[in-house]
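Undergrad: This is the structure, below, for whatever I ask next.
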Amino acid sequence: MDAPQAGPAAGGLAGLFELHRAELLRFLGARCGNPAEAEDLLQELWIKAAGQSGGPIANGRAYLFRMANNLVLDRRRSRHRAMRRDR
């Protein structure tokens, strides 16, 4: 049986972030292909995770990885829009 992954006792998303920090950094690095950008995205993810209220999340780890993936996609879309605008 799995233990709850989010909540006040576990330190919420911020606690899970710290627990999975290295794994999240590897994930972001693989997704964006740039270690410096991965660090930037990890910092942005920390800010978002620390600011989240302690609502019920069934799988906090999956939620963090979804947030990380969304940040990569947002950055990619933004870069693509900027390139189109500059042309």
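Undergrad: Give the Cα extents of the chain along the principal axes, in whole Å, largest first.
TA: Result, largest extent first: 52, 22, 21 Å.
Undergrad: I'd like the carbon and sulfur percentage of the solvent accessible area for the chain, probe radius 1.4 Å, heavy atoms only, ligands and nucleic acids excluded.
TA: Carbon and sulfur together cover 52 percent of it.
Undergrad: If packing is taken as the average number of other Cβ atoms within 10 Å across a peptide's residues, how do 61-71, 26-36 rank, most packed first?
TA: Highest-to-lowest ranking by the protection proxy: 61-71, 26-36.
Undergrad: Taking the Cβ of Gly11 as the center, what net charge do the other residues with Cβ under 15 Å away carry, scoring Lys and Arg +1 and Asp and Glu -1?
TA: +1
Undergrad: Among 77-86, 37-46, what's the highest-first ranking by average C-beta atoms within 10 angstrom per residue?
TA: The most tightly packed comes first, giving 37-46, 77-86.
Undergrad: Given R₀ = 30 Å, FRET efficiency for Ala58-Ala82 by Cβ-Cβ distance, to 0.05?
TA: 0.25
Undergrad: Work out the length of the dipole vector of the chain about its Cα centre, built from +1 on the beta-carbon of each Lys and Arg and -1 on the beta-carbon of each Asp and Glu, and round it to the nearest 20 debye.
TA: That gives a dipole near 620 debye.
Undergrad: Among Phe27, Ser78, Ala49, which residue has its Cα furthest toward the positive end of the charge dipole of the chain, with +1 on Lys/Arg Cβ and -1 on Asp/Glu Cβ?
TA: Ser78
Undergrad: Next question. Assuming 0.36 nm per residue, please report the length gained on full extension of the stretch Arg66 to Glu39 beyond their Cα-Cα distance.
TA: 8.1 nm
The values are calculated or read from the model by the stated rules, or taken from the named source; none is laboratory data. Because the structure is a prediction, the values reported are computed rather than measured. Cβ sites come from the backbone with ideal geometry, for glycine too, and all protein chains shown count toward neighbours. Protein only, heavy atoms only, side chains kept; ligands, DNA and RNA dropped before computing areas. Shrake-Rupley method; radii C 1.70, N 1.55, O 1.52, S 1.80 Å.
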